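What follows is one structure encoded as structure tokens, with my remarks underneath.
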Amino acid sequence: MTGWRQAGLILCASAIPGAFSAAFHPRRPGWVQDALKPGEIRLADVEGWRGTVRWVDARSNGDYDLGHAPGALHLDLLSWPAAFPLFLDQWQPGEKVVVYCGASSCHLAEEVAEKLRANGIDSVYVLQGGWEVWKARHPSQ
Amino acid sequence: MKLVAVCLFVLTASAFAELQWDNPDQNILAKVTDRTVVAKYHFTNAGKELVTIEAVRTSCGCTTATLAKKDYSPGESGEIEARFEIGGRVGHQEKAILVTTKGEPHNPSVLHLVVEIPETIKVQPELVLWRVGEAAEPKTIKVTVADGSPAKILAVVTDTPTVKLSVAEGLPGKSATVTVTPNDTSRPEGATVMIKTDYPADNPEAHYAYVRIK
């Protein structure tokens with residue numbers, strides 16, 4: 001009986017900090033994850049990849065200048081004629097390409113990803129939640 | 001009694017934000033020369049109280065919406081001007097504009113803008129790729145002028161002799177198949193294929209495709 005009591009105490013002792021983390025930790029995972037749309041990827045999955053990830057920022061030029069993922073190339077449909085050859089110079093076949101825009105509600109990343117795929121660029125993904133999610137994960141950058 | 005108060009509050013709040021839109025869903029066919037499409041959404045405050053427009057948001061960074069002022073007295077009319085930047089977009093485009101008023105912050109008016117954008121000249125694909133060491137087999141790029149477009153393909157040229165081009169014309173000036181063959185795929189290389197057109201007459205556009213050996 002003493003053993004059961006000790007086990008219960010240990011469980012309670014671990015549950016209290018666990019509950020605090022779940023409630024207040026700034027990087028706590030959400031209770032419910034939104035389903036991925038076709039071609040979308042979660043940031044946590046991208047961070048688990050090995051090898052080079054080619055980041056593409058499909059927001060406006062002004063938003064890009066204010067801050068972007070390290071190494072991200074600015075490529076939206078407005079800048080496409082000038083920026084697509086720059087992308088091609090940096091991109092290597094086999095690399096995974098992740099395109100993001102401002103948030104889940106924007107469609108710029110989907111448009112750019114679709115156009116990249118139409119030109120034979122493989123492994124193109126859209127970051128679920130876009131810059132909002134990236135910024136929340138990397139608040140200091 | 002509390003229920004009555006809540007009902008009264010809800011009814012009053014609704015009355016505060018009674019914007020009547022003349023044409024909330026607009027369909028626009030862009031011209032091949034257009035760079036921007038402008039849609040104007042005219043509205044009237046059909047309620048009995050002042051309406052304050054708190055926010056006008058768009059579903060895409062490619063669309064901006066402007067409003068001359070925020071407060072509208074009963075019976076007063078106003079207009080939201082939405083500007084859609086075409087950029088490299090083609091085909092069917094649907095954008096939304098959300099208008100939030102102070103009285104109904106959680107129930108915005110949703111305006112729709114549908115734009116059909118003709119593609120003057122289609123270059124498909126824009127990239128032909130060989131891996132280093134791959135056999136230098138020819139690959140093709142199709143160039144097509146949209147039906148109804150006055151543009152004509154004048155010439156297809158490359159900026160480097162490291163790739164050979166051969167152009168098979170389909171409909172004269174309206175379609176062509178460009179066959180690209182690299183001289184050597186043993187090392188990384190890049191080239192640009194330029195498609196010269198005669199349109200618009202004052203500043204004829206060139207379209208591009210890219211050759212990469214990687």
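Every number in this text was worked out from the coordinates using simple rules, so none of it is lab data. Remember, predicted model here, so these are calculated numbers, not experimental data. Cβ atoms come from the backbone with ideal geometry, glycine included; neighbour counts cover every protein chain shown.
Given the -39500 (n - 2.57) contribution per DSSP H run of 4+ residues, what per-residue ellipticity at 222 nm results for chain B, rounded to the nearest 500 deg cm²/dmol?
Values: 1 runs with 15 residues, N = 214.
After summing the helix terms and dividing by the residues of chain B, the value is -2500 deg cm²/dmol.
Nearest 10 degrees is fine. How inclined is helix B:2-16 to the longest principal axis of chain B, computing both from alpha carbons?
Helix B:2-16 sits at roughly 60 degrees to that axis.
Where a ≥ b ≥ c are the square roots of the eigenvalues of the C-alpha gyration tensor, would you call the stretch A:65-139 rounded, which needs a/c under 1.5, or, failing that, prolate if a/b is larger than b/c, or oblate? Let's see the in-between values first.
Values: a/c = 1.57, a/b = 1.51, b/c = 1.04.
Prolate is the answer for the stretch A:65-139, as a/c is 1.5 or above and a/b outweighs b/c.
Hey, what D do you get for the stretch B:63-139 in µm²/s if you plug the Kirkwood alpha-carbon radius into Stokes-Einstein at 10 °C and 1.306 mPa s?
On the way: Rh = 17.1 Å.
The estimated diffusion coefficient comes to 93 µm²/s.
Under a crude label model (7 Å from the Cα following the beta-carbon direction), how far is A:ARG137 from B:LYS48 in nanometres?
Label-label distance for A:ARG137 and B:LYS48, simple model: 5.4 nm.
Can you compute the modelled spin-label distance between B:ALA136 and A:LYS37, with each label point 7 Å from Cα toward Cβ, in nm?
For the pair B:ALA136/A:LYS37, the computed spacing is 4.4 nm.
Name the residue farthest towards the positive end of the dipole of the stretch B:65-110 from the options B:ILE80, B:ALA68, B:ILE97, assuming +1 on Cβ of Lys and Arg, -1 on Cβ of Asp and Glu, about the Cα centre.
Sorting the options by dipole projection puts first B:ILE97.
So what's the back-of-envelope 222 nm ellipticity for chain A, counting only DSSP H runs of four-plus at -39500 (n - 2.57) apiece and dividing by all residues, rounded to 500? Numbers along the way, then the final one.
Details: 6 runs with 64 residues, N = 141.
Taken over chain A, the calculation gives -13500 deg cm²/dmol.
With unit charges on the beta carbons (Lys and Arg positive, Asp and Glu negative) and the dipole taken about the Cα centre of the protein assembly as shown, which residue among A:SER79, A:VAL126, A:SER105 sits farthest to the positive side?
A:VAL126
Over all directions, how big on average is the projection of the convex hull of the alpha-carbon atoms in the stretch B:58-214, in square nanometres? The partial results should precede the final answer.
Working: hull surface 56.1 nm².
Mean projected area for the stretch B:58-214: 14.0 nm², to one decimal.
With charges set only on the Cβ (+1 for Lys and Arg, -1 for Asp and Glu), what does the dipole of the stretch A:43-99 come to about its Cα centre, in debye to the nearest 20? The partial results should precede the final answer.
On the way: 4 positive and 8 negative charges, 32 e Å.
So the dipole magnitude of the stretch A:43-99 works out to roughly 160 debye.
Among the listed pairs A:LYS96/B:LYS95; A:LYS135/B:LYS40; B:LYS40/B:LYS69; A:LYS37/B:LYS142; A:LYS37/A:LYS96, which are separated by more than 24 Å between their Cα atoms? Intermediate values should be presented prior to the final figure.
On the way: A:LYS96/B:LYS95 29 Å; A:LYS135/B:LYS40 35 Å; B:LYS40/B:LYS69 15 Å; A:LYS37/B:LYS142 31 Å; A:LYS37/A:LYS96 18 Å.
Violating the 24 Å Cα-Cα cut-off are A:LYS96/B:LYS95; A:LYS135/B:LYS40; A:LYS37/B:LYS142.
For chain A, go through all pairs of different Cα atoms, get the mean of 1/r, take its inverse, and jot down that Kirkwood value in Å. Please report the intermediate quantities before stating the final value.
Numbers: mean 1/r = 0.0584 Å⁻¹.
That comes to 17.1 Å for chain A.
Placing +1 at every Lys and Arg Cβ and -1 at every Asp and Glu Cβ, with all other atoms neutral, what dipole size does the stretch B:34-171 have around its Cα centre, in debye to the nearest 20? Walk me through the numbers before you get to the answer.
Details: 16 positive and 18 negative charges, 32 e Å.
Using Cβ point charges on Lys, Arg, Asp and Glu, the stretch B:34-171 gives about 160 debye.
Using θ = phi - 60° and the Karplus curve 6.51 cos²θ - 1.76 cosθ + 1.60, what whole-Hz ³J(HN,Hα) does each residue of the stretch B:27-39 get, with Gly and Pro shown as x?
10, 10, 9, 6, 7, 5, 8, 5, 10, 9, 10, 10, 10
Using only Cα atoms, what is the ratio of the radius of gyration of the stretch A:33-97 to 2.2 N^0.38 Å? The partial results should precede the final answer.
Working: Rg = 13.0 Å, N = 65, 2.2 N^0.38 = 10.7 Å.
It is 1.21.
Looking at the protein assembly as shown, what % of the alpha carbon pairs are farther apart than 37 Å?
Working: 24987 of 62835 pairs.
Value for the protein assembly as shown: 40 percent of Cα pairs lie more than 37 Å apart.
Over chain B, calculate the relative contact order: mean separation of alpha carbon pairs under 8 Å at least 6 apart, over the residue count, as a percent.
Details: 494 pairs, mean separation 36.1, N = 214.
Result for chain B is 17 percent.
Using the Cα centre of the protein assembly as shown as the reference point, and only Cβ charges (+1 on K/R, -1 on D/E), how large is the resulting charge dipole? Debye, rounded to the nearest 20.
Working: 36 positive and 41 negative charges, 216 e Å.
It comes to approximately 1040 debye.
Over chain A, with a Gaussian network built from C-alpha contacts below 10 Å, which listed residue (A:SER60, A:SER104, A:SER79) shows the highest mean-square fluctuation?
A:SER79
If you split all Cα-Cα distances of the stretch B:108-177 into 10 Å bins from zero, what percentages do you get per bin, shortest first?
All Cα pairs, binned at 10 Å, distribute as 16, 38, 23, 14, 7, 3 percent.
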